[in-house]
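Here the structure comes first, spelled out in structure tokens, and everything after it is commentary.
The values are calculated or read from the model by the stated rules, or taken from the named source; none is laboratory data. On a predicted model such as this, the values are computed, not experimentally measured, just so you know. Cβ sites come from the backbone with ideal geometry, for glycine too, and all protein chains shown count toward neighbours. When the accessible area is computed, the model is the full protein with side chains, heavy atoms only, and any ligands, DNA or RNA have been set aside. Shrake-Rupley method; radii C 1.70, N 1.55, O 1.52, S 1.80 Å.
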Amino acid sequence: MSQTKHIEVDQDFIENLCDEFGNREGTVVQILQRIQEKYGYVPADALDMIGEYLEIPKSKMYGVLTFYSQFYREPRGKYVLKICVGTACHVRGAGLLVDKVKEELKIEPGENTEDMLFTLEPVSCLGSCALAPMAMVTDTAYGKLSPDKMLGLIKDLESEHLSASEPA
Amino acid sequence: MVKVFVNGVEVEVDATSTILKAAEKAGVAIPTFCYHPRMDPAGSCRICAVELEDSKRVVMSCVTPVAEGMRILTESAKVADARKTNLELLLLHHPLDCPVCDCGGECPLQNMSFAYGASDSRFESHRNDEVEDLKSDVLVFNSNRCILCGKCVRICDEVQDVHAIGFINRGFDTVIGPPLGKKLDCEFCGDCLEVCPTGAITDKFVRYQYRPWQLEKTKTTCTYCASGCQMNVETEKEAIIRVTSSEGEGPNEGSICAIGRFGFSHVQSTERLDKPYARSFSRLVPTEWDSVIPEIAERIRKIAGTGPDRIATLVSPRITLEDAYLIQGFTRRVLRSNFIDSGARYGFMNAAFPIARATGTLRPMVDHQDLLKAKVILVIGADPTAESNITGLFLKRAIRKEKARMYYVGSESVSITARAKEHIRVLPGGEGLFAWVLSEEIAGEESSRHPEFLAKKEDLFKSFNVDPQAYTKLVQDLRESPTGVIITGRVFHRIQSASDAMESLLRMTNALGWVEKEGCGILPLPEVGNDLGVLMMGATHEWLPGLLDSQDPENKKKWEATWGEPLSYGKGGGLKEILEGIKSGAIKGLISFGENPLTHFSPNSEVREILSKLDLLVSVDLFQTSLSDQAHFLLPAASSYERSGHVVSVEGFVQALNPAMTYWGESLTDGEIVSRLAECMGVPFATRSTGEVSKEIFTLMPDLSPSTRNGDHFMGPTGNLILPTIVNQPPHKADRKTVMKRMASRAENWKSAITPIQPEIISGEGDFVFALNKSLFHSGKMTLLDPSLMKMESSAFVRINRQTAKKLKIKKNENVLIENSYGSCILPVELTSGVTENELQVPYHFDSPDLMGLFPGEINYSGTCSTVTMLRTRVTLKKIE
């Protein structure tokens, strides 16, 4: 598993975010979500900055950050492969999908590929049991998967990434 | 009021109280883990379960309110079962490593397990085996032992308002610790350590070094600041192992700051002086008391024989009332001198003198309870948390729980500024002007208003960046509020116009009608432990004991009658006049009791040279200091952990010091040293015990009899509440009626508007104001020798405004060159949005680099009392490439 460098947090972005939400009860989760939306995770530096602008204690924010499993404290891949391992998907072979990804990308659940393209994240239920076994990448759901289809999906995402990074 | 029955005992309690409080009143002990009297109840540990007889229900007593006729059983079979089950669950993951746990022997969890016999469990246990968090130099977090009662997190939030630790993760994985896996970074008050009911938080300095039951506890008073914290100094074989506090006891109610809790190691270091030294052929050589006392006495006799006012004394404000009383007696009766000054005067006298003149007393008008009653609190030029930590805590409580509106006036931000309703920034130099304008605005009537008023007010807004809106808001709130307290502190007392500014505030307080009511008045924060007591005892040239004018023949007569001998001292003076006297040759001897005049002045000044003219320089101290280089005699003093006596707190409590260890080496108290000298010189104030001296003081000045805060809650060994017994004692505060009368007569002087205060011109050249402030982790210079406190703050740094640093491209921890024509120094940078853009703040304690070198050689004196104050100078700032 690779340990990539943390992202440098954009101070203006945080300042705007803080202005938008202000120091009110219950804004911490929303602020953290917005940060994660931008960076894919919540960098520690961001907490420092928010703490200073909004005077929300860092200990409080860190408590919230570690309480919810939706938040990540380490950088994650461009494509997070959320493979459902809930009951319905499990009986229809979700385990095989996870194994395929592990084998293909040489990563364990929760880890990133070295090029920071993929993250494997088995999740409990994505609410589309009719499509079992299914997975979700970014905001797109992929249903009735098989290990081969999973492999195809990975290849597709790789080429999507390549074409996106090629100069126009 | 409602009637309830606790185990059949009928008690009447307030309708809003909880079952736990009702049980306390009934004298019934209910164990608790998560409950804490000074915090909101959490109801998380489930150990305070009680049974309601009528409904047969088990409820948590700490969060359940009482109801009329409620029948509560605290020891029924059902309750025992509930508590035992609870303990079983709590112990499921506990490592049960009591044999090696520092908490073993004083652990509520252990005590409870023993009481309920929760030795075997019906559940499969799984011992936690997480590694300890050893990153902090001060505290160790052991999550395995933690029962997640949350008291540490809550005391840090609710009482200290520091928020340094929190809950991390969720469910079984929850641990307590500082955020982001970083090293603990906080005020290190150690309150979390004190409230932890297990060994989850332990003291890293003494880990594995003691068993609690082998320690001998001595209750005594902390003398670092004037909060008057009651603490337990715990010793083993004459060595201090740790300092703890008892919940609910004393003015501090169980909280102590970092300095009080951890700053004791220096008194048992090998650096301590253990023998008297005398100079022989330019070297200080160890000698014996039996030879050194007659030698000094002989030299005193020679000098003092030539006339009055030939020898001066300097007195540390950390000594007891008894010692201060003896030293001033020695100075006036034996040395026949009124040249006496004290650290208690430097700065603080600028507040004390006008207050004593206006109110007739130095007993404070307000105590911490008044803070809780005040609707508005105005903090001017003070950092209560650093200067008088417990005042800071009560201020935070007043804001948080009593919804007091706090206005903070000053250039910089301190930890409490964030809680202010309004932080009114005044650029350095404008504080005195602010006090005058504010007072004139409120106390001056339109017709009699000082003609310069409007111009000065304009100046305040224009030259000192005061926000007119915030100012107007403050004025309005002050006028409308029925109660209010003004807190002034070190910066305010050390500005050039300090005593006039204090006079302005007194005038304003009187005009607002803030004298006669509870929750009203001025609270000046002393700088050191016994500032108030030392002044009350007359260790200052202005006053004989009891604040009597030292030059008034009537007062002289009074003390002559008491002491049974004529007093023939002269006019005398403070440090300013002492130095002038030495320079002119009029003063030939100086005896310094724990003071070091050199530290108050710039090395550019001629103070060292002046001191070299002395025929006799005696330094009584715990350690060798820069003064020792010039001293003819260096005498070892006992520390405050070794003394008995009394000290006066910021609230006016006269509390006892009790010796936790015997005198270090051959050291003696200052009082014993002067008694021996007096005896040797044949003057009839013979050597007496401290107890006898206390008796004399309390008989002659009966209003000074010992007093302490009557607690409103205490806690037992299983976290149970114990109802405190109220002890009758003399009042610690000034009598409001008497003060009111005095103030009313003083008000005549204030009717015709008082002279405007000019803004302060800060010496030096450059764009930046360099200000020396008090650190949270040090008290004077002595704590620089304390290894524990040095772990918290080990060297000087400069706090710079974040925007300024951005402009100059200076990053955190980079070194900057600070310079003016007097000198220069290099310091690492700490960034903050707290200080104004052209201000640099540095803790004053550290000797290296020489911060005083940036100050001019001419000595700055402030206030009408000419007290020594080195506060600010102008400098330039450069980044070091």
Collect the residues in the stretch B:162-177 that are more than 7 Å from chain A (Cβ to nearest Cβ) and more than 22 Å from B:Arg400 (Cβ to Cβ), keeping them in residue-number order. B:Gly171, B:Phe172, B:Asp173, B:Thr174, B:Val175, B:Gly177
Of the residues in the stretch B:227-244, how many are part of a loop (DSSP other than H, G, I, E, B) and modelled with pLDDT of 95 or more? 3
Given the criterion touching a residue at least 12 places away in the same chain (Cβ under 8 Å) and under 23 Å from B:Cys229 (Cβ atoms), identify the matching residue among B:Leu704, B:Leu700, B:Leu772. B:Leu704
Name the single residue that is most open to solvent (accessible area, probe 1.4 Å) among those in the stretch B:250-278 being out of contact with any Pro (no Cβ under 9 Å at 6 or more places or on another chain), in a loop (DSSP other than H, G, I, E, B) and not small (Gly, Ala, Ser). B:Thr270
Would you mind finding the one in B:Glu387, B:Glu440 that is open to solvent by 10 Å² or more (accessible area, probe 1.4 Å) and either of a type in the set (Asp, Glu) or touching a helix residue (DSSP H, G or I) at 6+ places or on another chain (Cβ under 7 Å) (or both)? B:Glu387
Filter result for the condition that a residue is in contact with a strand residue (DSSP E or B) (Cβ under 6 Å, 6 or more places away or on another chain), open to solvent by 20 Å² or more (accessible area, probe 1.4 Å) and of a type in the set (D, E, K, R), over B:Lys421, B:Lys401, B:Lys457: B:Lys421
For the stretch A:19-35, give me each residue that is open to solvent by 30 Å² or more (accessible area, probe 1.4 Å) and either among the aromatic types (Phe, Trp, Tyr) or away from chain B (no Cβ under 11 Å) (or both). A:Asp19, A:Glu20, A:Arg24, A:Glu25, A:Gly26, A:Val29, A:Gln30, A:Gln33, A:Arg34
Go over the candidates B:Arg363, B:Arg345, B:Arg336, B:Arg332 one by one and state the one that is open to solvent by less than 10 Å² (accessible area, probe 1.4 Å), within 23 Å of B:His541 (Cα to Cα), in a loop (DSSP other than H, G, I, E, B) and in contact (Cβ under 8 Å) with a residue 12 or more places away in the chain. B:Arg345
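Okay, residues lined up against (1) under 26 Å from the mean Cα position of the chain (by Cα); (2) assigned to a strand (DSSP E or B); (3) at pLDDT 90 or above:
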site: B:Ala805; (1), (2), (3): no, no, yes
site: B:Lys809; (1), (2), (3): no, no, yes
site: B:Asn813; (1), (2), (3): no, no, yes
site: B:Ile818; (1), (2), (3): no, yes, yes
site: B:Tyr822; (1), (2), (3): no, no, yes
site: B:Cys825; (1), (2), (3): no, yes, yes
site: B:Glu830; (1), (2), (3): yes, yes, yes
site: B:Val835; (1), (2), (3): yes, no, no
site: B:Leu840; (1), (2), (3): yes, yes, yes
Does B:Ala470 satisfy being over 18 Å from B:Gly513 (Cα atoms), at pLDDT below 95 and open to solvent by less than 10 Å² (accessible area, probe 1.4 Å)? no
Per the filter on the stretch B:611-621, residues buried (at least 20 other Cβ atoms within 10 Å of the Cβ) and closer than 23 Å to B:Tyr861 by Cα are B:Leu611
Sort out which residues of the stretch B:153-176 are assigned to a helix (DSSP H, G or I) and either more than 20 Å from B:Gly248 (Cβ to Cβ) or among the basic types (Lys, Arg) (or both), and write them in order of number. B:Val153, B:Arg154, B:Gly171, B:Phe172, B:Asp173
If you go through the stretch A:42-55, how many residues are more than 9 Å from chain B (Cβ to nearest Cβ), surrounded by 18 or more Cβ atoms within 10 Å (Cβ to Cβ) and modelled with pLDDT of 85 or more? 5
B:Glu748 passes all but one of the listed conditions (1) in a loop (DSSP other than H, G, I, E, B); (2) without any contact (Cβ under 8 Å) to a residue 24 or more places away in the chain; (3) under 27 Å from B:Gly432 (Cβ atoms); the exception is number (1)
Scope the stretch B:531-573; condition outside any loop (DSSP other than H, G, I, E, B), among the polar types (S, T, N, Q) and open to solvent by less than 10 Å² (accessible area, probe 1.4 Å); matching residues: B:Thr540
